[in-house]
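Participant: Take this structure, written in structure tokens, and hold onto it; I'll ask about it next.
Only the coordinates and a few stated rules stand behind these numbers; no lab work does. Note that the coordinates shown come from a computational prediction; the quantities given were computed from them, not determined experimentally. A quick note on method: Cβ atoms are made from the backbone with ideal geometry, for glycine too, and the neighbour counts reach across all protein chains shown.
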Amino acid sequence: MNKGVVMARALWGWLHTYKAIATLYLLCDILPHLSALSKCFQQKSLDLTEIQRAVEAKKQVVREARDAPLVGGRLDELDQDLGPEGRLYDLDIMDSVQQRQQFSQVRREFIDNVIENMKGRFPQMDLLSAFSALDPARLPTNLTGEYGWQNITTLSEFYSEGPSQSTGRNFGMSGLGSGNSLQATEAKHPK
């Protein structure tokens with residue numbers, strides 16, 4: 001027998017189960033969202049302040065697919081595709097309670113791993129979002145003395161060189177002047 005035929009039969013042996021088809025449908029639902037997130041980072045100009053919003057939105061979509069199909073997604077159509085009028089009906093897909101339970105377990109583990117991977121790739125979302133205080137387009141019309149200090153504190157604590165007297169952190173940042181000048185500014189504009 002031809003080696004290609006043997007390979008095709010082996011692949012079909014795996015593919016003609018509910019678990020395999022449902023997994024492929026799940027990937028069709030999830031991968032476009034991950035691809036869209038990836039494309040956000042491939043743009044010529046990237047707004048760091050929007051990263052947290054984009055990542056959180058995609059994590060939410062992925063989370064929704066953990067225990068139920070995404071509404072309007074491919075997996076949502078699987079039972080219809082397997083039915084008598086469905087496009088997979090003539091393929092004799094093995095469908096059973098056990099296959100569906102196995103797929104549910106695979107789906108939960110897959111989604112949990114995707115979420116953990118996203119958390120691992122974006123561990124300091126608050127730090128990226130803190131840069132919004134430096135964006136002139138985000139300045140409020142009525143600028144108060146409080147505007148941006150929490151974000152500036154987050155940034156200065158992350159990039160600090162050592163502890164300060166008031167907070168235990170040094171607000172001096174290389175290239176941005178000494179800690180004393182930032183502390184003096186902080187004294188003029190208390191939190």
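Participant: What does the charge add up to near I21, with Lys and Arg as +1, Asp and Glu as -1, over the other residues with Cβ less than 15 Å from its Cβ? List each step's numbers first, then the result.
Facilitator: Details: positive: K19, R74, R87, R100, R107; negative: D29, D76, E77, D79, D81, D90, D92, D95.
For residues surrounding I21, the net value is -3.
Participant: In terms of the Cα gyration tensor, with a ≥ b ≥ c the square roots of its eigenvalues, is region 3-123 rounded because a/c is under 1.5, prolate because a/b exceeds b/c, or oblate?
Facilitator: On the way: a/c = 2.34, a/b = 2.02, b/c = 1.16.
It is prolate, given that a/c is not under 1.5 and a/b is the larger ratio.
Participant: Hey, which of these cross-link pairs are over 32 Å Cα-Cα: K3/K119; K3/K58; K3/K39; K44/K119? Mind showing how you got there, number by number?
Facilitator: Working: K3/K119 43 Å; K3/K58 42 Å; K3/K39 39 Å; K44/K119 24 Å.
Correct reply: K3/K119; K3/K58; K3/K39.
Participant: Separate question: Name the long-range amide H neighbours of T17: under 5 Å, sequence gap of 5 or more, or other chain; modelled H, no Pro or chain starts.
Facilitator: Under 5 Å from the amide H of T17: M94.
Participant: Once phi is turned into ³J(HN,Hα) by the Karplus curve 6.51 cos²θ - 1.76 cosθ + 1.60 with θ = phi - 60°, what whole-Hz value does each residue of region 140-157 show in order, with x for glycine and proline?
Facilitator: x, 4, 9, 6, 9, x, 7, 4, x, 5, 5, 5, 5, 4, 4, 5, 5, 5
Participant: Follow-up question, since we're still on this one. Apply the Karplus parameterisation 6.51 cos²θ - 1.76 cosθ + 1.60, with θ equal to phi minus 60°, to every residue of region 76-81 and state each ³J(HN,Hα) to the nearest whole Hz, in sequence, with x for glycine and proline.
Facilitator: Taking θ as phi minus 60°, the curve returns 5, 9, 4, 4, 5, 5 Hz for region 76-81.
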